[in-house]
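Visitor: Provided herewith is a single structure, encoded as structure tokens, for subsequent inquiry.
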Amino acid sequence: MQQTLDDITNTVADVLAGLLESQDEAPALDRAALDGASLHDLGVDSLTLVHFTQCVEDTFQIRIEDDDLTQEAFATFDSVCALVARYVDTGKTGAHPPGPLPATSGRQPGESAPADTAEWAEAGQEAELLVCTARVGMTREHVERALTLLNATEPKLDWGVFMDLATRHRVLGLVAHNFDRECLGPIGTVRRSVLRAAYLYNRGRAQAWERERRQLFAAFEKDGVQPVVRKGSYLSPCVYPDPAMRYMEDTDLYVTADDLEQVAATLQRLGYRQGTDSVDRRTVGPLPRTTALFWGFNVAALPPFLRPTSDPYIDVFSIDLRRDLMEPASEKSLPAEDFRSRARRVRLAGETAWVPSHEDMFLDLGVHLFREATTLSSIRSGKDLCLVRFVDMVQWYRHVEGTLDIDQLVRLAERYEVEAEFYYSLHFTDVLFPGVLAPELLSRLRPGDLSYLDEYGALDGTIATWPVGFRARMFDRNRVRHVTEPSALPRPRRQW
């Protein structure tokens, strides 16, 4: 017998009340104030929302699909009740009969089970655990594999190595979320507290960046300029269920030649300066002339604009302005003007902003991943192969899969001659997260010669080949030992 909406509402209210009452500092739930109330106003923070969602799933014997884990669906008490009512109706997608969830219930459409353990031998069990837990929506198979790795006695998991990898690959917030949601362990109260602290810190950073972006976008609108927001600044709040899952380091913008001078002036009015950060974290030092000249000749971006801050979560806000997706040395060009011509106008951080088209965003993510993975400056700084970029590829593809125009995507890749660069990212995304990307997309962009997949240094004018396989180098914390070539690119930021 189906439950009525009133029954569902009362049960959800009981779940929420029980959860809030278990928190010492939380006020008692006022049942009369539930109608139309936002969860935030009721005292539900990001981490409490995770527990609330899991309790609702357990109570109603449902499994909420990843596409429904959005801020809009969990904005108010009423929106949660409406979502649950849809799932409880057994005629709707996502409903599950009472009893244990089937083994494949959490699997994304088309996503395979975890790769065979033998494939991870070269990278190590810490790397395998990282890929199991650094994803939005772990499948039942991934949970079981993670538990096996955590409880293995021979060889025993090195927790320090695992945490270092999660930090280096900028997925610690996402990992912490999954350890809490899936109750992975046992890991001990101290380790669990460290994960919770990392998650809460990342939430603080996300909130600080949202406030800063609100000021930036309002200022751009006032000054009549229209930069295009790239990568994480749009992905974090829009395709991750919780912005605290994704680490934010800076804000990346495409700026056309016509807007460049005014955008720079707007940033300067807001307190940003081009230069290098200082040891005391209070000032922006002058950028060496040689560094500015090198960037002007060799990089299709300006040296970062920096603004020191007293925010407890962020020392320096950094803004990167890019004029072209491709660097001059590539002899290719996808200019900011082209991104702008196809851009979409959206609401972001409470203000109006421009973001790339679905196809342009995917190309941007893929080519950026390739550039960072293969340039000497990134390799030498340890920022070349970063798992969060592959997670971004997966999340963006899932977000737009129903509306992505593959024909247009392929045409754009061919038009700008970036098929090889883009395929590099698609190929290795498929290695790490098999079964997510459509086989058609992979096959249409696959070049005849794949030897370049193990090469680096082309943009630096010195092509070399990695002596180890992809997984081995991806998770090798000292892979730079294989690289003898120096990098000529000076990095403006020195202290952090």
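The values are calculated or read from the model by the stated rules, or taken from the named source; none is laboratory data. Worth saying up front: this structure is predicted, and the values here are computed from it rather than measured. Neighbour counts are summed over all protein chains in view; Cβ atoms, including those assigned to glycine, are modelled from backbone coordinates with ideal geometry. Heads up: the accessible areas ignore ligands, DNA and RNA and are worked out on the full protein's heavy atoms, side chains in. Shrake-Rupley method; radii C 1.70, N 1.55, O 1.52, S 1.80 Å.
Visitor: For the range 146-152, just list the computed ³J(HN,Hα) in residue order, Karplus coefficients 6.51, -1.76 and 1.60, θ = phi - 60°, integers in Hz, with x standing in for Gly and Pro.
Guide: So the J values, rounded to whole Hz, are 4, 5, 4, 5, 5, 9, 5.
Visitor: Going highest first, how would you order 325-338, 241-254 by mean Cβ packing within 10 Å? Walk me through the numbers on the way to the answer.
Guide: Numbers: 325-338: 17.6, 241-254: 23.3.
Listed from highest to lowest mean packing, they are 241-254, 325-338.
Visitor: Separate question: Between Ala301 and residues 5 or more places away or on another chain, which pairs have amide H atoms under 5 Å apart, with H built 1.01 Å from N, and which residues are they?
Guide: For Ala301, whose amide H was placed from the backbone, the distant partners under 5 Å are Arg323.
Visitor: Sort 218-228, 360-370 by packing, meaning the average of other beta carbons within 10 Å per residue, with the highest value first. Can you show the working numbers first?
Guide: Working: 218-228: 17.7, 360-370: 23.7.
Output ranking for 218-228, 360-370: 360-370, 218-228.
Visitor: Can you give me the long-range amide H partners of Phe317? Hydrogens built in the peptide plane at 1.01 Å from N, cutoff under 5 Å, separation of 5 or more residues or another chain.
Guide: HN-HN under 5 Å from Phe317: Arg307, Thr309.
Visitor: About the Cα centre, and with charges only on the beta carbon of Lys, Arg (+1) and Asp, Glu (-1), how big is the dipole of the chain? Nearest 20 debye, please.
Guide: 1480 debye
Visitor: Express the accessible area of the range 179-221 per residue in Å², computed with a 1.4 Å probe while the remaining protein chains stay in the model. Mind showing how you got there, number by number?
Guide: Values: 2050 Å² over 43 residues.
I get 48 Å² per residue for the range 179-221.
Visitor: Quick one: 3J(HN,Hα) in Hz for the range 201-217, Karplus 6.51/-1.76/1.60 with θ = phi - 60°, rounded, Gly and Pro as x.
Guide: The phi angles translate into 4, 5, 5, x, 4, 4, 5, 5, 5, 4, 4, 5, 5, 4, 5, 4, 5 Hz.
Visitor: Give me a comma-separated list of calculated 3J(HN,Hα) values for the range 57-67, in order, Karplus coefficients 6.51, -1.76, 1.60 applied at θ = phi - 60°, integers in Hz, x for any Gly or Pro.
Guide: Taking θ as phi minus 60°, the curve returns 4, 5, 5, 9, 6, 10, 10, 6, 5, 4, 5 Hz for the range 57-67.
Visitor: Using a 1.4 Å probe, what is the accessible area per residue for the range 30-86, in Å²?
Guide: 45 Å²
Visitor: Which of the aspartates and glutamates could a cross-linker span from Lys332 if the Cα-Cα distance has to be under 15 Å and same-chain partners fewer than 8 positions apart are dropped?
Guide: Cα-Cα hits under 15 Å: Asp324, Asp364, Glu414, Glu417, Glu419, Glu421, Asp460.
Visitor: For the chain, calculate the relative contact order in percent as a whole number, restricting contacts to Cα pairs under 8 Å that are 6 or more residues apart.
Guide: In percent, rounded to a whole number, it is 13.
Visitor: With the dipole of the range 263-422 worked out from charges on the C-beta (+1 for Lys and Arg, -1 for Asp and Glu) around the Cα centre, which of Val367, Val346, Ser278 lies farthest toward the positive end?
Guide: Ser278
Visitor: Mind checking which of Tyr199, Thr290, Leu385 is farthest towards the positive end of the chain's charge dipole, using Cβ charges of +1 (Lys, Arg) and -1 (Asp, Glu) about the Cα centre?
Guide: Thr290
Visitor: Let me ask you something else. Return the carbon/sulfur percentage of the accessible area of the chain, one whole number, probe 1.4 Å, all protein chains in place. Working shown, then result.
Guide: Values: 10830 of 21910 Å².
Of all accessible area on the chain, carbon and sulfur atoms account for 49 percent.
Visitor: Then there is this: What dipole magnitude, in Debye to the nearest 20, does the range 240-299 give about its Cα centre under +1 on Lys/Arg Cβ and -1 on Asp/Glu Cβ?
Guide: Values: 6 positive and 9 negative charges, 64 e Å.
So the magnitude is around 300 debye.
Visitor: Right, next: Just for the Cα atoms in the range 221-302, what are the lengths along the principal axes, largest first, rounded to whole Å?
Guide: Computed over the range 221-302, the largest-to-smallest principal extents equal 43, 35, 27 Å.
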